[in-house]
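Just so it is clear, none of the values below were taken in a lab; they were calculated from the coordinates. What you are looking at is a predicted structure, and each value in this text was computed from that prediction instead of being measured. Please note: Cβ atoms are built from the backbone with ideal geometry, for glycine as well, and neighbour counts cover all protein chains shown.
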Amino acid sequence: MKPLPLILAGGLCVSSAHAGYRIDVLEGASATRPPYCGSFEASISQTGDPESVVVVTENPATLEEKIDAACADPDNFEDDEIQPSPRAISELKRVLREASDIFNGDIPQGDVAPYFGEISVTWRRDNRMLRLTAFSDGRDPRLDFGTTPVGTLGDYQFYPVATGENLIDRLNWVLATRAVAAPAAL
């Protein structure tokens with residue numbers, strides 16, 4: 001088996017040569033609850049069913065665990081940089097949980113980054129980007145999304161208040177298997 005980067009959403013692979021295949025994810029010897037979502041390095045092998053593959057992972061962290069780890073790692077902060085407040089972390093996780101309840105499963109893994117009191121999760125696919133950001137100053141979490149065509153400035157929009165519902169809507173857009181234009185913010 002060869003390690004490959006995969007992005008899984010709702011039990012379907014949405015990246016790599018196996019896009020669209022049904023994915024069975026195993027953590028060690030035990031299967032995870034479907035539909036598994038995440039972005040991780042994994043070993044992948046073809047099964048007898050040409051429409052299916054098996055992925056064996058090394059216990060990937062949940063998105064909430066990645067947030068906690070990013071906020072606890074002193075290497076993520078400059079000497080004078082303030083860390084995200086407990087409220088900012090809690091608000092980010094709240095929106096993710098709302099979205100997970102609507103989605104009825106785990107939210108796809110994104111890149112987690114603290115930045116001078118903010119904490120964000122960013123998802124990217126092709127030229128599309130979605131970022132959920134929570135703030136330490138009491139502002140509501142917000143969603144930024146848009147496209148960056150090659151060689152030009154990006155076209156970005158935002159929802160001033162992030163909710164589980166608009167996060168799921170934007171995740172469906174950013175993780176779409178074919179390029180689509182960014183719809184206007186509400």
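Our coupling estimate for the range 131-144, obtained by passing each phi through the Karplus curve with A = 6.51, B = -1.76, C = 1.60 and θ = phi - 60°, is 10, 9, 10, 10, 10, 7, 8, x, 5, 5, x, 9, 10, 10 Hz, Gly and Pro reported as x. Highest mean packing comes first when the peptides 124-130, 77-83 are listed by Cβ atoms within 10 Å, giving 124-130, 77-83. Our coupling estimate for the range 161-173, obtained by passing each phi through the Karplus curve with A = 6.51, B = -1.76, C = 1.60 and θ = phi - 60°, is 10, 7, 10, x, 5, 6, 5, 4, 4, 6, 5, 4, 5 Hz, Gly and Pro reported as x.
Here's how it looks for residue 106: its modeled amide H is under 5 Å from those of 37, which are all 5 or more places away or on a different chain. Note on residue 94 and residue 80: the extension gain reaches 2.3 nm, defined as 0.36 nm multiplied by sequence separation minus the Cα-Cα distance.
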